[in-house]
1. Inside region 18-66, can you point out the residues that are open to solvent by less than 100 Å² (accessible area, probe 1.4 Å), part of a loop (DSSP other than H, G, I, E, B) and acidic (D, E)?
2. Return the pairs, sorted by first residue and then second, in which the second residue is outside any helix (DSSP H, G or I), the first residue lies in region 7-18 and is closer than 19 Å to M29 by Cβ, the beta carbons are less than 9 Å apart, and the residues are 6+ apart or on different chains.
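The values are calculated or read from the model by the stated rules, or taken from the named source; none is laboratory data. Small disclaimer: the values here were computed from a predicted structure and weren't measured. Reconstructed Cβ throughout: ideal geometry from the backbone, glycine too, with neighbour counts over all protein chains shown. Only protein heavy atoms, including side chains, enter the accessible area calculation; ligands, DNA and RNA are left aside. Shrake-Rupley method; radii C 1.70, N 1.55, O 1.52, S 1.80 Å.
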Amino acid sequence: MSKEQVKAILDRVLTWPPERQEDAAKMLMLMESQDESVYRLTDEQVEEVRRRRSDPNARRLTLEEFKERLPTSSSMRSISQTS
């Protein structure tokens, strides 16, 4: 999209009712704040997110299943001792 097209859209926004202008401004500020985030996904992470979101019937873990997969402090000690 060219700068002229963006300017044309922003000029039209100024003709909208005040509430809609405020909504547009909030959305743009949110987008701007996301650009300031120090957190970025790698290309591989983006692909993994897309892959996981593409399956509408993906199996979800229960909280109990998730907790079972977390390493315990004793298992972490044994890992660090073998390194």
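1. Hit for region 18-66 is D55, nothing else.
2. I9/M1
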